[in-house]
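Worksheet: one structure, shown below.
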Amino acid sequence: MMKKHSIKISNATRYYPGAAKPAIDDVSLDIAPGEFMTFLGPSGSGKTTLLSIIAGFVTLSAGSVEIDGQDITNLKPHKRDLGVVFQQYALFPHMTVSQNVAYPLRQRGVSKAEIEKKVRHVLDLVQLGDFAHRLPRQLSGGQQQRVALARAVVYEPRALLLDEPLGALDKRLRDRLQLEIARMHRELGMTFVFVTHDQEEALTLSDRIAVFNNGRIVQIGTPTELYQRPNSLFVARFLGESTVMEGPNQGTSIIVRPEHISLKGLANNCSEGELSKPARITDIAFAGAHLKVGLAFAGGAIGSSLITAGNPLSFQRGEEVLAVWNRENQHAVANENVAADSAAG
Amino acid sequence: MSLFSMRRESGPGLFLRSMTLLTAILIVLPTFVVIPASFTAGETFQFPPQEWSLRWYENFFTSRMWLSSLLQSLQIASFTAVLATVLGVSAAIGLTRIPRRTGAVLKLFFSLPLTVPSVVIGIAIYAVFLKWHLAGTLSGLVLAHTALAIPFVITTVAASLTGYDNTLDLASSSLGAGGITTLLRIKIPLLAPGVISGFLFAFVSSFDEFVVALFLQTPRLRTLPVQMYNSIALDMDPTISAASSVIVVATTITFLLVSLRAGNKF
């Protein structure tokens, strides 16, 4: 297992020429040694810009980047000793798989025998040992991305930066490679910084997630924290689904996750600690293990309920029902990010 | 079998075939006159020749005057090709790194040698080079030809660059390679087809160039085309068709190389 490194970003700000607002606006963030940190957000929220700042592809207008306390703000990318994986693989098309993987080692003056050994080892790690002499164009997209992963870790960089690495792959391959990335993180123990707009990917892989909006981090925490205690409507809507109702105070909303809402006939009463609201069933969708029921509440709020498919549903589309949830499963959040939310959507 | 593939199997239509043939004849026919005429045994220019011989080639390759012209032409074309390739590749890469609008204007500027009549360029260069004491020098002619050849290099390299993925540069730098290494190991090898075509185009454009070479000539600096022109003006002997054949063969081989390269892409 290799040495683990921390990354510290302090007050990072980056203006692009001609843009009124900064792409990254006074962002500070600590990434712990060996952590799997995900930057999640809609496109244009600044997550890729921050990754490029760490990699050194984009320079800062203000602020600093440190690795293990060493200031690397003005260091050129090739001197940072970080690994980067790109969405479109970025393999060198005129080099074979093993030449691609050997490239970073050759830059570091590693001996020929050592290069051969390391290349073979890392290609085995991504299960592409038999493909060493192929050219990138002879591989599938998933295989190419695995070569790119191998190339980015073979020289044991201080951290691995991944910019939507699964974005160009189809659903099935994405799931497989997701597992592979999780396994690599476990086995290598390296610090990973992962950029995505896919909430499912973020929830599955991350130790912590930083949610980006309008060039700022709006919330940071473990997947469970973010899902259960979002601090704004934006985060609640970006991570998972929820029923959103008007809150008790001005500028707040109540959210309830679909798995916490059950349905009863209008004649039923609530038990102790339960809350309820009448709703009309707008649609019922079968989703394998669950039934997803769309709900429309009086006053215009919409939401959904997730019901285990084992229990037969006694209601039909169009029917009026009582949506019931536990008081402790409802959550009040600030609305402040609503405007930003709709702008990003 | 679909309608499309059936049509393709029968090949192009009669009209297209005859137009192609006509164009080919128009372009190639003069060559068919020059090359056989160079093999005549007669004292004067004849077509078709009544008797065949290699005497005019012998004359060409043993005459000091013709040989030195040929060597000068080859020398100037080689220097020009190297210089134009280095400058043209730099310019083409540079054009991708500046704001789009500035790049478009600069590209237009670089292609001026293609649009300005060569006589105008010839007079202009002659006037300036007289002042700079470059007229009649080999380096002067190389510089002039380089200016004329740069647009060819820029065009072919720019075409390769449009298909170039700039993320490769970022990837290379993230893997620990500095700018020069990235240029030499990633960018240039991937742009090689365009660079080589540009080099060959530049070579041929200099080897064939006549007008500027005519302005800058001295008795000691005479490229092959200028030497041919001078020898026609004096007396027309069949050596000139031998010289023409040499030029035709040289340029044909060059362009064959270009199209072979083009067919062998990544």
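The values are calculated or read from the model by the stated rules, or taken from the named source; none is laboratory data. Quick caveat, the model's predicted, so the values are computed rather than measured. All Cβ positions, even for glycine, are placed from backbone atoms using ideal geometry, and neighbour counts span all protein chains on display. Just the protein is used for accessible areas: all its heavy atoms, side chains included, with ligands, DNA and RNA removed. Shrake-Rupley method; radii C 1.70, N 1.55, O 1.52, S 1.80 Å.
A few remarks follow.
- Of the strands (runs of 3 or more DSSP E) entirely within region A:253-338, those holding at least 2 residues that are free of Cβ contacts under 8 Å to residues at least 24 places away in the same chain occupy A:274-287, A:290-297.
- Residue in region A:219-229 that is farther than 30 Å from A:Ala332 by Cβ, assigned by TED's automatic domain parsing to the domain that holds A:Thr38, open to solvent by 10 Å² or more (accessible area, probe 1.4 Å) and without any contact (Cβ under 8 Å) to a residue 12 or more places away in the chain present: no
- Some residue of region A:181-192 being over 17 Å from A:Glu35 (Cα atoms), touching a strand residue (DSSP E or B) at 6+ places or on another chain (Cβ under 6 Å) and surrounded by 18 or more Cβ atoms within 10 Å (Cβ to Cβ): no
- Filter result for B:Leu256 (more than 14 Å from chain A (Cβ to nearest Cβ) and surrounded by 22 or more Cβ atoms within 10 Å (Cβ to Cβ)): no
- Qualifying residue in region B:76-89 (condition: open to solvent by less than 100 Å² (accessible area, probe 1.4 Å) and over 21 Å from the mean Cα position of the chain (by Cα)): no
- Among the residues of region B:166-182, the ones that are more than 7 Å from every other protein chain (Cβ to nearest Cβ), surrounded by fewer than 17 Cβ atoms within 10 Å (Cβ to Cβ) and not polar (S, T, N, Q) come to 2 in all.
- Wholly enclosed strands (runs of 3 or more DSSP E) of region A:176-245 bearing at least 3 residues closer than 20 Å to A:Ser304 by Cβ: none
- Given (1) under 22 Å from B:Ser118 (Cα atoms); (2) at pLDDT below 90; (3) open to solvent by less than 30 Å² (accessible area, probe 1.4 Å), number of the condition B:Thr223 does not satisfy: (2)
- Taking region A:29-53 as the range and being modelled with pLDDT of 95 or more, among the small types (Gly, Ala, Ser) and surrounded by fewer than 19 Cβ atoms within 10 Å (Cβ to Cβ) as the test, only A:Ala32 passes.
- Across region A:96-110, the qualifying residues are those that are at the interface with another protein chain (Cβ under 7 Å from one of its Cβ atoms) and part of a helix (DSSP H, G or I), and the one among them that is farthest from the chain's Cα centre (by Cα) is A:Gln107.
- Number of the condition not met by B:Ala233 [criteria: (1) within 30 Å of B:Ser259 (Cα to Cα); (2) open to solvent by 10 Å² or more (accessible area, probe 1.4 Å)]: (1)
- Any hit, region A:161-177, residues being open to solvent by less than 50 Å² (accessible area, probe 1.4 Å), within 14 Å of chain B (Cβ to nearest Cβ) and within 10 Å of the chain's Cα centre (by Cα): yes
- Among residues of region A:54-95, those that are more than 10 Å from every other protein chain (Cβ to nearest Cβ), more than 26 Å from A:Pro17 (Cβ to Cβ) and open to solvent by 30 Å² or more (accessible area, probe 1.4 Å), counted: 4
- Selection status of B:Thr182, over 21 Å from B:Thr254 (Cα atoms) and either in contact with an Asp or Glu (Cβ under 7 Å, 6 or more places away or on another chain) or modelled with pLDDT under 90 (or both): yes
- Selected residue (criterion: farthest from the other protein chains (Cβ to nearest Cβ)) from residues of region A:126-142 that are in a helix (DSSP H, G or I) and open to solvent by less than 40 Å² (accessible area, probe 1.4 Å): A:Gly129
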